[in-house]
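Below is one structure, written out as structure tokens, with a few remarks after it.
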Amino acid sequence: MAERDYNFIEIEEKWQKTWEEKGSFLNKVDKNKPKYYVLEMFPYPSGRIHMGHVRNYTIGDIVARHKKMKGFNIFHPMGWDSFGLPAENAAIKNNTPPFKWTSENIANMKTQLKRLGFSYDWTREVGTYKPEYYRWNQWIFLKMLEKGLAYKKVSSVNWCPECQTVLANEQAENGVCWRCDSEVTQKELEQWFFRITKYADDLLAGHDEIADTWPEQVLTMQKNWIGRSTGLKVNFKLETGEDFPIFTTRPDTIFGVTFMVIAPEHPLLEKISDQKVKDFILKCKSQSMVDRTSEDKEKEGIDTGLKVINPFTGDKVSLYVGNFVLMEYGTGAIMAVPGHDVRDFAFAKKYGMPVKIVIDKPDAPLKLEDMSEAYTGEGVCVNSGEFSGMNNKEAIEKIADYAEKKGIGERTINYRLRDWGISRQRYWGCPIPVIYCDKCGTVPVPEKDLPVVLPTDVDFRGDSQSPLTRMPEFTKVKCPKCGGDARRETDTMDTFVDSSWYYARYSSPWSDKIFDEEEVSYWMPVDQYIGGIEHAVMHLLYARFFSMVLNDLGLLKTREPFKKLLTQGMVIKDGSKMSKSKGNVVDPDEIIKKYGADTVRLFMLFASPPQKDLDWSDKGVEGSFRFLNRVWRFLQKNRELYVAGSAVKNDELSAELKKLRIELHRTIKFVSHDIEERMQYNTAIARMMELTNALYAISEDELKTEAGKKVFSEVVDKFIPVMNPFVPHFAEEMWSDFGKKSFLAEEKWPEFIEELTVRDEIEIVFQINGKIKAKVNVSSDISEEEMKKLAHADPKMAENISGKQIVKEIVVPGKLVNIVVK
RNA sequence: GCCGAAGUGGUGAAACUGGUAGACGCACCGGACUCAAAAUCCGGCGGGGGCAACCUCAUGAGGGUUCGAUUCCCUCCUUCGGCACCA
């Protein structure tokens with residue numbers, strides 16, 4: 001029989017078609033099997049898939065295919081995060097309606113994904129831009145409204161006075177409008193919020209459940225993002241007698257307050273008539289939040305002329321407006337203790353405010369005139385009335401006790417986390433289902449009227465105004481309560497809402513309820529979630545929040561949506577992220593055309609471990625292609641040697657064949673370990689390459705013996721299934737080429753024999769004081785005593801020991817002997 | 001600035017729990033095959049020194065802990081991700 005070439009185009013088309021026809025990847029509820037839900041973050045349909053997607057989905061596919069071979073009932077869906085800004089930008093630029101643009105992109109990208117051979121159940125596909133999906137966004141919104149989890153308040157947005165439009169942060173970079181370069185200002189608007197802060201403690205407590213299965217860095221980032229701190233709310237008073245509460249985590253420094261600072265947005269400031277102060281407030285409001293709070297920007301402030309009274313000391317101090325104080329955090333005002341806070345110190349120096357020491361170092365007392373920076377360490381309270389002499393840690397509690405007893409303050413818990421603003425003054429998103437009536441106020445759209453359908457026939461007129469605002473057929477409605485004329489909300493939802501619950505909708509995208517009870521309770525939660533590290537905080541926190549809300553509504557059985565999380569690194573080329581502007585984008589389709597999907601998949605996994613960034617290299621891809629050809633040629637060349645169902649006996653093997661067999665079983669063991677325990681696919685592939693090198697090293701004569709044929713046949717039976725999750729088309733083709741009737745997609749993961757994973761001989765090293773002096777080959781079952789004996793007998797070692805005193809001898813079994821001498 | 005990571009040969013990386021630094025691949029060099037080239041197969045490949053056995057230096061920089069540190073601790077440098085309206 002003639003040897004065949006590795007014709008990947010033909011092979012990949014053939015198997016993709018076969019899998020589809022056989023329905024190999026349809027996911028069905030089967031309560032007799034353990035389920036496994038593999039999910040990759042769904043893409044935004046920008047038009048073409050990029051290498052980052054290929055990497056993400058290849059990792060997911062290897063998990064899905066491997067777990068399936070291990071006997072799990074797999075759930076592996078895919079869909080589209082299909083609302084968002086880019087569709088509107090495209091609409092403005094090309095005058096293409098977002099719906100059309102998005103639908104076409106989805107069709108293209110789906111074809112691209114199919115070409116990569118991913119094992120998705122496409123009958124579960126969701127698209128967040130479809131009314132049958134987003135109606136449930138609206139439904140959840142109504143439930144949240146009922147439970148008081150959705151509410152409206154005034155909040156500011158980036159505003160371009162020239163374009164008369166709201167800008168996203170990325171459209172307002174460096175404080176100028178992306179379209180007209182005008183200075184961006186802030187504008188206050190009434191907006192909808194989700195009360196995620198109510199779930200702050202739940203979100204923190206939930207971390208316990210996923211502590212061992214999520215990357216620690218993600219948990220840390222979320223913890224810091226939520227930023228729970230216990231402190232004291234202290235009721236300062238204005239000179240006029242008005243209450244002026246502030247929040248502090250450092251009540252031990254309260255005797256050191258020399259001034260107060262208030263946020264520019266604080267309502268108290270509305271009464272101020274001083275023009276200079278008014279101008280300053282306007283200036284602050286036009287600064288972006290990043291600018292205001294970043295440490296490298298100068299802290300700025302201005303005296304309001306108001307005075308505040310410290311309830312502990314009775315001192316009267318000045319009240320400043322400061323750009324670095326945020327209305328969203330605490331009470332929107334702070335007490336300034338320049339002696340013991342870095343930022344307050346800098347501010348005090350700039351504006352000539354006094355500094356007071358209230359915590360001192362017992363061993364090296366502070367001197368006011370020598371202080372060049374705030375002292376933020378621990379110490380003993382001084383100048384602090386009855387609390388003087390106390391350790392400051394103790395004083396924190398004592399001062400809080402005192403404040404509570406006297407009614408001038410109370411212990412409170414404060415969060416850095418802010419409520420989630422979901423209103424977007426944009427067209428391409430899910431309409432917020434409320435109606436405004438002059439008589440009845442804000443009226444929720446009744447459930448029976450859902451979905452509020454987003455009109456798709458729209459005119460963008462080349463500007464970034466939401467077309468919804470000029471569509472009376474959308475905005476003019478009757479009030480559901482009184483039947484009078486009313487106006488529909490034209491704001492749409494943040495797209496993070498869409499992606500906060502899609503993982504559960506996959507279970508039953510066809511359902512006319514939010515979820516099909518049986519499907520969702522069987523498949524949820526996600527067992528393995530995979531996506532970029534850039535989502536560590538926002539998306540993953542919002543999704544957890546939604547999952548908890550849905551759990552409280554009785555719609556999901558678990559609180560945590562993602563049992564295990566893998567955060568993958570970016571795909572880099574020539575040292576930076578692939579992007580159009582840098583011109584370093586590699587199109588997956590071109591590479592597939594040249595080398596095939598299996599090579600692309602293999603390279604994506606081989607070039608770097610999943611968590612790390614991956615450097616794209618054209619030469620490296622060729623290496624992966626070369627490896628597949630090498631395996632292909634070896635198997636083709638020796639195809640005639642294959643004997644189906646032959647059983648190998650170890651004692652009939654030559655030393656060379658036995659060694660090869662051990663390498664085979666070691667390969668299965670290590671690849672299994674790398675996939676299951678470590679999710680480190682680059683080393684798994686390296687193992688497979690080593691086995692291939694060992695196959696080439698065996699002599700032809702040896703392979704042609706009866707025993708050789710049996711070992712070769714075992715290699716075929718076990719190695720091809722091992723390759724399957726990585727290069728599924730290649731593996732299926734080989735499998736059928738060796739006369740197998742089954743599909744690898746339905747096959748079991750091969751087993752290894754533990755005794756056959758131990759090499760007969762191992763190399764150990766001898767050290768003197770931790771420096772290697774000799775390496776020797778020994779039998780792998782050597783005892784510690786024998787190792788020690790051999791170390792002493794070694795001439796090189798003896799030379800280094802002689803005339804010296806042995807202090808210690810360390811034996812690490814199977815590794816080394818270290819003799820410490822003096 | 002704040003929060004979170006990463007830094008190892010010419011290069012992508014490996015070393016899993018503190019125990020042989022550089023597995024596997026790329027590039028490069030040499031050999032075989034060929035009229036020749038490509039492909040393929042075989043071999044070499046961190047730096048410095050030595051004819052050689054071998055010696056010595058080396059995991060961003062500097063210190064520390066340890067018999068032994070890429071791995072743990074401290075300080076610093078550089079790069080990357082996130083910072084609430086990109087997704």
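Which one is nearest to RNA strand B (Cβ to nearest atom), of the residues in segment A:791-822 that are among the charged types (D, E, K, R) and closer than 10 Å to A:F766 by Cβ?
Among those residues, the one meeting the criterion is A:K796.
Pairs needed: first member in segment A:170-196, without any contact (Cβ under 8 Å) to a residue 24 or more places away in the chain; second member anywhere, away from RNA strand B (no atom under 11 Å from the Cβ); C-beta distance under 6 Å; at least 6 residues apart or different chains.
A:C177/A:C160; A:C180/A:E162; A:C180/A:C163; A:S182/A:C160; A:S182/A:E162
Which condition from (1) modelled with pLDDT under 95; (2) in a helix (DSSP H, G or I) is the one that A:Y6 breaks?
Only one criterion is unmet by A:Y6, namely (2).
Does segment A:506-525 hold any residues that are out of contact with any Pro (no Cβ under 9 Å at 6 or more places or on another chain), of a type outside the set (A, V, I, L, M) and either surrounded by fewer than 22 Cβ atoms within 10 Å (Cβ to Cβ) or modelled with pLDDT under 95 (or both), and which are they?
Residues satisfying the conditions are A:S508, A:W510, A:S511, A:D512, A:K513, A:D516, A:E517, A:E518, A:E519, A:S521, A:Y522.
Looking at (1) over 19 Å from A:A686 (Cα atoms); (2) part of a helix (DSSP H, G or I), which one does A:F627 not meet, given that it meets all the others?
So A:F627 meets the others, but not (1).
Of the residues that sit in segment A:558-591 and are modelled with pLDDT under 95 and aliphatic (A, V, I, L, M), which one is surrounded by the fewest Cβ atoms within 10 Å (Cβ to Cβ)?
Going through the qualifying residues, I end up with A:V585.
Can you tell me which residues in segment A:42-64 are polar (S, T, N, Q) and assigned to a loop (DSSP other than H, G, I, E, B)?
A:S46
How many residues, within segment A:46-98, are within 13 Å of RNA strand B (Cβ to nearest atom), modelled with pLDDT under 95 and in contact with a strand residue (DSSP E or B) (Cβ under 7 Å, 6 or more places away or on another chain)?
Of the residues in that region, 1 qualify.
Can you name every residue in segment A:784-822 that is of a type outside the set (A, V, I, L, M), without any contact (Cβ under 8 Å) to a residue 40 or more places away in the chain and under 11 Å from A:N769 (Cβ atoms)?
A:N800, A:K804, A:K808, A:K822
Can you pull out the residues in segment A:99-128 that are within 15 Å of RNA strand B (Cβ to nearest atom) and in contact with a strand residue (DSSP E or B) (Cβ under 7 Å, 6 or more places away or on another chain)?
The answer is A:I106, A:V126, A:G127, A:T128.
Out of segment A:719-736, which residues are touching a residue at least 24 places away in the same chain (Cβ under 8 Å) and in contact with a Leu (Cβ under 8 Å, 6 or more places away or on another chain)?
Result: A:F719, A:I720, A:P721, A:N724, A:F726, A:V727, A:P728, A:F730, A:E732, A:M734.
Can you tell me which condition A:R461 does not meet? The list is (1) basic (K, R); (2) within 30 Å of A:P251 (Cβ to Cβ); (3) surrounded by fewer than 14 Cβ atoms within 10 Å (Cβ to Cβ), and all the others hold.
Failing condition for A:R461: (2).
Can A:V643 be described as assigned by TED's automatic domain parsing to the domain that holds A:S736 and not in a helix (DSSP H, G or I)?
Judged against the criteria, A:V643 is a match.
The values are calculated or read from the model by the stated rules, or taken from the named source; none is laboratory data. Predicted, not measured: the structure shown is a model, and the values here were computed from it. Note that we place each Cβ from the backbone using ideal geometry, even for glycine, and neighbour counts take in every protein chain shown.
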